[in-house]
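The values are calculated or read from the model by the stated rules, or taken from the named source; none is laboratory data. Note that the structure is predicted; figures quoted are calculated from it, not measured. With ideal geometry, Cβ positions are generated from the backbone for all residues, glycine too; neighbour counts draw on all protein chains shown.
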Amino acid sequence: MPATQLLTYLTEAAEPAPSLGEAVVLRPRTAGGALEAFSAAGRRLGRLPADESAALAALLAHGVALVGRVSALVPRPGRSGIGRIHIMLTAA
């Protein structure tokens with residue numbers, strides 16, 4: 001069966017911005033609830049929206065492996081900071 005790809009984004013994005021193509025690892029938030037995204041080196045990148053976190057947490061609980069990469073850095077007009085980080089997740 002081919003791998004399924006899922007596109008999502010991160011909220012509360014951390015600075016400095018990651019690089020396009022950088023590997024992303026999802027981990028449960030220590031306070032519970034949302035999943036957080038980290039670089040392979042362990043730097044926090046941001047968290048997933050609540051609804052998407054819940055859906056992906058269910059997949060992770062069933063043993064689905066999710067591998068992610070930064071797919072886009074989208075500026076947000078009128079706001080300072082790095083904007084929104086989009087990540088592409090592959091479920092195998």
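Some observations on this one:
- Just one of the listed residues (56, 20, 60, 35) is modelled with pLDDT of 90 or more and either closer than 16 Å to residue 83 by Cβ or surrounded by 15 or more Cβ atoms within 10 Å (Cβ to Cβ) (or both), and it is 20.
- Top-ranked residue in the stretch 70-86 [being exposed (fewer than 15 other Cβ atoms within 10 Å of the Cβ) and at pLDDT 85 or above; ranked as nearest to residue 5 (Cα to Cα)]: 72
- When residues of the stretch 38-53 are limited to those that are among the hydrophobic types (A, V, I, L, M, F, W, C) and exposed (fewer than 13 other Cβ atoms within 10 Å of the Cβ), the one nearest to residue 69 (Cα to Cα): 40
- Residue 4 more than 13 Å from the chain's Cα centre (by Cα) and either under 19 Å from residue 90 (Cα atoms) or in contact (Cβ under 8 Å) with a residue 24 or more places away in the chain (or both): yes
- Members of the stretch 68-92 found to be closer than 16 Å to residue 49 by Cβ, β-branched (Val, Ile, Thr) and under 13 Å from the mean Cα position of the chain (by Cα), listed by number: 85, 87
- Filtering the stretch 40-73 to residues that are in contact (Cβ under 8 Å) with a residue 40 or more places away in the chain and hydrophobic (A, V, I, L, M, F, W, C) leaves 45, 48, 56, 66, 67, 70, 72, 73.
- Where a residue in the stretch 18-39 is of a type in the set (Phe, Trp, Tyr) and its partner, wherever it lies, is surrounded by 14 or more Cβ atoms within 10 Å (Cβ to Cβ), with Cβ under 6 Å and at least six apart: 38/25; 38/44
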